[in-house]
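Below: one structure, written as structure tokens.
FYI, it's all coordinate maths here, none of it is from the lab. Keep in mind that what you see is a predicted model, and the values were worked out from it rather than measured. So basically every Cβ, Gly included, is an ideal-geometry build from the backbone, and we count neighbours across all protein chains shown.
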Amino acid sequence: MRQMIAGLALAAAALTSLGAAEAADFGRTAPGIRYGGGAAVPAPAPIPDAQARWYFRADLALGIPSDPTFRTDGLSVAGGALHSTKSMYSENNDAYAGYGLGVGYRFSPHLRVDLTVDTRSQQKYSMESWSYTAPGPINGTASDTITLRSVPVLFNGYIDFTGYGRFVPYLGGGIGFAVNELNHTYTITENGPSNGAGREKTHDVSLAAMGTAGFAYDIDSITSLDFNYRLLFVGESQVGAASGAGITRIGDQLDHQLRAGVRFNIH
């Protein structure tokens, strides 16, 4: 009997110790909640959003220009004024290289804007040995050459499509203006009493706009590579104030550009 009583006492003591240990463990698995006389365990604080807002960008571009309309009106000769058309001109609109810089701001992981300034290298249009017959007995030839350089300044907006790891596809568009530099040279050689030649340089401002599609690759939280296709629009330009030079107009232009660049995020 004594042995039975001793065994029951030992079993009761073991059960009591086990219950106390489980109660203590249960209290530790619920942080922030008080059990009995134990102290409350604070919940972990949320991690703040440290996404970069401002960024700088630098880009290189390979551009393929379209053939715009081109016309010169009012070249003065002894017999009157000459008028040319695009078919009389040759165009040196080969592929060109350009570069650009910009600064941007990110409103959210999906929406950002930037302001960019780009270069658009020289485009050349020339007319050589155009034979004409003026109203009257004067016959001769005329040459007319104009070169154009542009600097587009654009305010752009983009929609980023996240969820693809380090790759971030996007679509974008922008509008602004282009500062154009035009150099105009003309020569008139007549088989009569007068010859003429002139040169002029001027600047004008025209509308500019763009549409783009591309993707970025995030190297780390600071640096991203950017690859895109951009369709660039530059509006009409004209030059013509010198005596006898007439007015030369270069119509709206569309450039297809392949661009590669880098963006630097500012934390």
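Summary table
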quantity: Residue 112 long-range amide H proximity, modeled H, under 5 Å; calculated: 107, 158, 160
quantity: Peptide ranges 177-187, 214-224, 254-264 listed from the most packed, as the mean C-beta count within 10 angstrom indicates; calculated: 177-187, 254-264, 214-224
quantity: Least to most buried among 107, 56 (fewest other Cβ within 10 Å first); calculated: 107, 56
